[in-house]
Amino acid sequence: MILLLLGSGGREHAFAWKLSQSPLLTKLYIAPGNSGTAQCGENVALNPLDFEAIQKFVAEHKVDLVLPGNEDPLVAGIADALGNAGIAVAGPDTYASALEGSKDFAKAFMHRHNIPTAAYKSFSLQTLAEGKQFLSELKPPYVLKADGLAAGKGVIITPDLAEAQTVLDDMLAGGRFGAAGSMVVVEEFLHGIEISCFVVSDGEHWQMLGSAKDYKRIGEGDTGPNTGGMGAISPVPFADEEFMQKVQDRIVLPTLKGLREEGHPFRGFLFVGLMNCGGDPRVIEYNVRMGDPETEAIFPRLNTDMVQLVHAIAHGNLDKVAFSLNPQTAATVFLVSAGYPGEIQKGYPVHLPAPAEGSVYFHAGMAEKDGSIVTNGGRVLAITSLGPDIITAVANSLTTAERVTFEGKTYRRDIGQDLM
Ligand code: AMP
Ligand code: GLY
């Protein structure tokens, strides 16, 4: 099979790494890719949002299947656009992708299908005054979410009513977050521990892909601003059989059934962000693709042929795919650039010695320049190690993290500590 993978992060290197292990793969293209994906296939200079150029590339290079790694092309409608041209895409259609592309759509969907989530109300510029009044009736902290895609920055949580009202004003009247903020979801604050659960579906059949915990804050002890993710642990100890059964019965099945009933069966990877509220899972958000860095933690545990898996998503035979997860624990530690998630400098040489036994590298913000590898983004390199328990897996990743060097290298040494 000839595949075209879209994206350029650590998640896409993990996909490329897994795909390239399959005997079914004849050729892998990655657009635009990074220095890591270049070791697994051929990087091509295509914009994942330029569907016409992708369609042309697919025809010229006899690509059998397109696999979008991140949400932007999915929400922009790549599965419909290419699907209408007869091209197989392992990803949900535009309608189903709105579960991630519009928080208001996702909340209304959950409401329609009785899926547990935080109570909410949506507001637009026309109902701004009503929104401020609604906030004044809620208990703090206040949760405000820009409706559209905002690169993970569209959620504001504050204990202060006046600030919450100002934020609502800024989004609806002041253009903060642009079009993404022209509608705002105000919702109940959920107390608990967050966890990410992953599902793969071909529209009819489905499989759980396990759980992971993401460490979002830049600083140790979960301090400082949010990032794209500083590390991950998979599986999550508290997500035991009983909890995962609740996730399956109360959330995954009604979600997949709901989409089928609405005429848009989900074909792709579904990421359910949950709060464990005293043993009961409630949905915080849906994403219609794998997580980053969760993918880097989960895929090294996955004993499934990835080419067969993505082919099955697009062609409806997921029930024929042998599936198992290694029971070992995976710990991913992300090395990031100094200043991240604020302003950063790029172009520093990366020294990448062989990883410790049992560790693997996934390149993220890294590029090849004049034959050597340099930093090329905020999140630079994910290091994943497997071990019999969290302590061992994390220790292995941290040992490898010490050996890698680049100017300004920053990472959290407390990944997984809250779960030990
Ligand atoms: P989202 O983009 O919807 O995942 O929100 C970003 C982050 O905000 C989440 O990962 C949570 O940490 C937090 N968050 C979102 N919604 C809520 C909520 N209703 N209650 C508590 N925390 C939330
Ligand atoms: N790790 C969070 C995300 O991929 O959105």
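Computed from the coordinates by the stated procedures, all read-outs in this text should not be read as laboratory data. Only a predicted model underlies this, so the values are computations on that prediction, with no experimental measurement involved. Here the Cβ is made from the backbone with ideal geometry for all residues, glycine too, and neighbour counts use every protein chain on show.
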Requested in this report: Identify all residues within the range 124-167 that are assigned to a loop (DSSP other than H, G, I, E, B), away from ligand 2 (no atom under 16 Å from the Cβ) and of a type in the set (Lys, Arg); write none if there are none.
Outcome: LYS139
Query raised in the report: Can you find even one residue in the range 203-210 that is buried (at least 16 other Cβ atoms within 10 Å of the Cβ), within 16 Å of ligand 2 (Cβ to nearest atom) and on the phi > 0 side of the Ramachandran plot?
Result: yes
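Could you tell me whether GLY263 is within 10 Å of ligand 2 (Cβ to nearest atom), surrounded by fewer than 20 Cβ atoms within 10 Å (Cβ to Cβ) and within 27 Å of ASP80 (Cβ to Cβ)?
For GLY263, the condition - within 10 Å of ligand 2 (Cβ to nearest atom), surrounded by fewer than 20 Cβ atoms within 10 Å (Cβ to Cβ) and within 27 Å of ASP80 (Cβ to Cβ) - is not met.
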Query raised in the report: Could you say which residue among ARG282, ARG289 is in contact with a Leu (Cβ under 7 Å, 6 or more places away or on another chain) and crowded, with 24+ Cβ neighbours inside 10 Å?
Result: ARG289
Query raised in the report: Would a scan of the range 182-197 turn up a residue that is more than 15 Å from ligand 1 (Cβ to nearest atom), in contact with a strand residue (DSSP E or B) (Cβ under 8 Å, 6 or more places away or on another chain) and touching a residue at least 12 places away in the same chain (Cβ under 8 Å)?
Result: yes
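Going through PRO355, PRO341 one at a time, which residue ends up being outside any helix (DSSP H, G or I), within 16 Å of ligand 1 (Cβ to nearest atom) and farther than 18 Å from VAL199 by Cβ? Show your work before the answer.
Numbers: PRO355 fails: within 16 Å of ligand 1 (Cβ to nearest atom).
Residue meeting the stated conditions: PRO341.
How about the range 170-187: which of its residues are surrounded by 15 or more Cβ atoms within 10 Å (Cβ to Cβ) and of a type outside the set (Lys, Arg)?
Let us first name the residues in the range 170-187 that are surrounded by 15 or more Cβ atoms within 10 Å (Cβ to Cβ), namely 170-172, 176-177, 180-187.
Result: ASP170, MET171, LEU172, PHE177, ALA180, GLY181, SER182, MET183, VAL184, VAL185, VAL186, GLU187.
Quick grid of which residues meet (1) among the hydroxyl-bearing types (Ser, Thr, Tyr); (2) closer than 13 Å to GLU187 by Cα; (3) surrounded by fewer than 18 Cβ atoms within 10 Å (Cβ to Cβ); (4) within 14 Å of ligand 1 (Cβ to nearest atom):
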position	(1), (2), (3), (4)
GLY91	no, no, no, no
TYR95	yes, no, yes, no
SER102	yes, no, no, yes
LYS139	no, yes, yes, yes
Query raised in the report: Is there a residue in the range 280-293 that is more than 22 Å from ARG413 (Cβ to Cβ), touching a helix residue (DSSP H, G or I) at 6+ places or on another chain (Cβ under 7 Å), within 16 Å of ligand 2 (Cβ to nearest atom) and among the polar types (S, T, N, Q)?
Result: yes
Report summary line: Sole miss for HIS191 among (1) within 23 Å of the chain's Cα centre (by Cα); (2) closer than 30 Å to GLY9 by Cβ; (3) outside any strand (DSSP E or B); (4) not polar (S, T, N, Q) is condition (2)
Query raised in the report: Mind checking whether some residue in the range 162-169 is under 30 Å from SER337 (Cα atoms), crowded, with 18+ Cβ neighbours inside 10 Å and either of a type in the set (Lys, Arg) or within 12 Å of ligand 1 (Cβ to nearest atom) (or both)?
Result: no
Report summary line: Restricting the range 168-197 to residues that are of a type in the set (A, V, I, L, M, F, W, C) and within 16 Å of ligand 2 (Cβ to nearest atom), the one farthest from ASP72 (Cα to Cα) turns out to be ILE193
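Looking only at the range 47-59, which residues are farther than 17 Å from ALA90 by Cβ and assigned to a loop (DSSP other than H, G, I, E, B)? Steps first, answer last, please.
Initial filter on the range 47-59 (farther than 17 Å from ALA90 by Cβ): 47, 49-50, 52-53, 56, 59.
Of everything in the range 47-59, those that are farther than 17 Å from ALA90 by Cβ and assigned to a loop (DSSP other than H, G, I, E, B) turn out to be ASN47, LEU49, ASP50.
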Query raised in the report: What is the number of the single condition among (1) buried (at least 22 other Cβ atoms within 10 Å of the Cβ); (2) farther than 20 Å from ASP389 by Cβ; (3) in contact with a strand residue (DSSP E or B) (Cβ under 7 Å, 6 or more places away or on another chain); (4) not aromatic (Phe, Trp, Tyr) that GLY316 does not meet?
Result: (1)
Query raised in the report: Could you say which residue among ALA98, ALA90, ALA85, ALA79 is touching a Gly at 6+ places or on another chain (Cβ under 9 Å), more than 30 Å from VAL380 (Cβ to Cβ) and either without any contact (Cβ under 8 Å) to a residue 12 or more places away in the chain or of a type in the set (A, V, I, L, M, F, W, C) (or both)?
Result: ALA79
